[in-house]
Every structure is written in C-alpha cells, then in structure tokens.
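This report concerns only the one structure given below.
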Amino acid sequence: MAVFCLDGKTALVTGSSRGIGQAIAVSMAEAGARTVISGRNVDTCESVARSIREDGGHAMAATADIGDEPSLELLVQQVEREFGTIDILICNAASNSHFGSLLDFNAEAFRKMMDNNVASALTLAKLCVPAMKAQRDGVIILISSLAGLFGFRDLGPYGLSKAADISLVQHLAVELGEHNIRANAIAPGVVKTEFARPMWDDRQRAAPMLAATPLGRLGEPADIAGAVTFLASDAASFITGQTLVIDGGLSASGV
Ligand SMILES: NC(=O)c1ccc[n+]([C@@H]2O[C@H](COP(=O)([O-])OP(=O)(O)OC[C@H]3O[C@@H](n4cnc5c(N)ncnc54)[C@H](OP(=O)(O)O)[C@@H]3O)[C@@H](O)[C@H]2O)c1
C-alpha cells in the first residue's frame, strides 16, 4: 500500500548489524528505503548490507561508535555523500553497562550509558535535522524499553536512560513539529537477542514474565521491525511524541 511505502527515502539505523536493528533495517529496505547498516564492526555491517542487496534492496554499511561524537559526525557525512539526505533516523544501538542492583550503582558506568543511550540520539538528531528542516520532512525514532516505563529488578540505571529517551522524543516532537519532523519511541518488552540474554536465558527469571504475558511468548526482532517501519511511513503522518509499547501485552496484564 502506497502509504506504507518508503521508496526514495534514506534510513539510517544504528546498531543494525544484528538483533532488533538488523530486523528494522531489513524491514525498511523491504519497504523501499535506501538503508544504512551501522555498528562498530565493519564485517558484520557489510554482511547485513550485502544480504539486503542480494535480496534486491538498497543498502550500504557505515561503521560508527555511538559513544564517540566525531565518529557520528563522520557517519552522517558518509551517508549524505553516498545516499543523500537522511530522511529517517533510527537510534537503536544502546548499551547496558550495569546489570544488577541500583545500590551497586557506579557513576562512571551510568555516565557511559547516558552517553550511549541518550546523548548519542541527541547528537544524531542535531546532525540530521538541518537537512530534514530544509526539505520539511523527517522522522526520528528511538528504541527505548519497557524498562523506561516500569521498574524491573537489575535494570535500574539502564531504565533511567530509556526513560530519558521517552522524554527526548516528546521534546523533539514539540520542537520540530512545525518543520514536519516527527519523533516517536518504541518500548519493547524482552526480545530474544544477545543483548537481553540475561533476561530470557535464565528459565527462573523468564517463567513469571512468560506467565504474565497474554501472548504467551517473548518477543522476536521481527515483532519490533514492522512497527518501526509503520512509524517511519506516511501511514503514521499524524503520530508524533508517542511511545509505542510492544511487549506481547505484558504491561496490560496488571501483574
Ligand atoms: N532485546 C531486548 O529485549 C530489548 C528490550 C527493550 C529494548 N531494547 C533495545 O533495543 C535496542 C537493540 O537491542 P538488541 O537487543 O537488538 O541488541 P543486540 O542484539 O546486542 O544488537 C546491538 C547492536 O548495536 C550495535 N552496537 C552496540 N554497541 C554499539 C556502540 N557503542 N556503537 C555502535 N553500535 C553499537 C551492535 O553492533 P556492534 O557490537 O558490532 O557495534 C549491534 O548491531 C537497544 O536500544 C536496546 O536497549 C532491547
């Protein structure tokens, strides 16, 4: 359907060499976007980009470390040179350098997480928005987390950074709406990736979560990708400043 089509758009997806970001990038490319695969490892980025091209899509690989501002500047310059203006910015890469009690909180680890999970999105927005403003069209999507909305054991400092992402899209939406730039977030529940392995690999921890999830399973990367592609498309042209929860109904269960 035309309203879901991303033909002619360029989408930059950070952290798209595996996991949720890879699924988002594949979905964007299937919808017609020129898609940028990014992460720190050139080989894994190249491999995902190549596989998209082999399936008939448009994709390029471009490495960057979200914790390193100059590398984000170079990333945006490279994409603009090779693919033109970034129409869709997906801030997906993140880190969790503190899994455990809040009381074992480490200020240095927390600062790193805020840099990676919040400041990098703001930096990328700052770099991409001037061109979006010039064309009066742009989409920014942050991958937050259910842990940004509710309390979870062992995820406190990470959850704080993800709550900041939810606030960030609200502020971006208010500031950029007049330029027809939309900003939204996705808050996934547990999705079976390497990143979340401590949450799902441990049966004892996963069992109560599964029992409280109406759809009776944990998430897969593809469960997140379609919703992100929808939010990036004209089908979502009047949606901004929102956070879409994708958790199999866990947060609706009241448990
Ligand atoms: N999985 C879940 O249950 C879950 C739930 C809620 C929210 N989320 C959020 O979803 C997003 C994706 O998570 P995921 O589970 O898909 O993780 P993942 O499978 O571990 O993938 C992470 C991706 O980010 C890249 N990356 C990691 N650190 C980076 C850095 N410093 N600079 C640039 N790229 C970096 C990785 O590539 P390299 O290592 O090669 O750089 C990889 O492509 C994150 O924002 C996470 O907070 C995940």
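Values in this text are rule-based calculations from the coordinates and carry no lab data. The structure displayed is predicted, hence computed values, not measured ones. Note that we place each Cβ from the backbone using ideal geometry, even for glycine, and neighbour counts take in every protein chain shown.
Quick look at the values:
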read-out: Residues I90, I52 arranged by fewest to most Cβ contacts within 10 Å; value: I52, I90
read-out: The chain: DSSP helices with Cα axial extent of at least 15 Å and average Kyte-Doolittle hydropathy no lower than -1.0; value: 19-30, 42-54, 69-83, 120-135, 156-176, 221-232
read-out: Fluctuation leader among A62, A11, A107 - the chain, Gaussian network, Cα springs under 10 angstrom; value: A107
read-out: Extended-chain gain in nm, criterion 0.36 nm per residue less alpha-carbon gap, D68 and K126; value: 19.4 nm
read-out: Mean separation of Cα contacts under 8 Å, 6 or more apart, over the residue count of region 89-237: relative contact order %; value: 22
read-out: C-alpha center-to-center spacing [region 75-89, region 1-60] in angstrom; value: 13
read-out: In nm, spacing of pseudo-spin labels at R53 and M1 (7 Å Cα→C-beta vector); value: 3.3
read-out: Percentage relative contact order, the chain, counting C-alpha pairs under 8 Å, at least six apart; value: 19
read-out: The chain: most fluctuating residue of Q22, Q170, Q135 per GNM, C-alpha cutoff 10 Å; value: Q135
read-out: Potential lengthening between A222 and L210 on full extension [0.36 nm per residue; Cα-Cα distance subtracted]; value: 2.5 nm
read-out: GluC sites (Glu not before Pro) lying in DSSP loop within region 170-255, provided at most 16 other Cβ fall within 10 Å; value: E194
read-out: Of L102, L168, L12, the one that fluctuates the most in a GNM where the chain has Cα springs shorter than 10 Å; value: L102
read-out: Label-point gap, in nm, between R81 and S253 - each point 7 angstrom along Cα→Cβ; value: 5.0
read-out: Theoretical ellipticity at 222 nm over the chain - DSSP helices of four or more residues, -39500 (n - 2.57) apiece, nearest 500; value: -13500 deg cm²/dmol
read-out: Exposed-loop-free span, longest in the chain, where trypsin sites (Lys or Arg not before Pro) count as exposed if DSSP calls them loop and at most 12 other C-beta atoms lie within 10 Å; value: 1-135
read-out: Projected-area average for the chain over all orientations - Cα convex hull basis, square nanometres; value: 13.4
read-out: Inter-label distance, nm, simple model (7 Å from Cα along the C-beta direction), D202/D43; value: 3.1
read-out: Within region 69-142, chymotrypsin sites (Phe, Trp or Tyr not before Pro) in DSSP loop having at most 15 other beta-carbon neighbours inside 10 Å; value: F99, F105
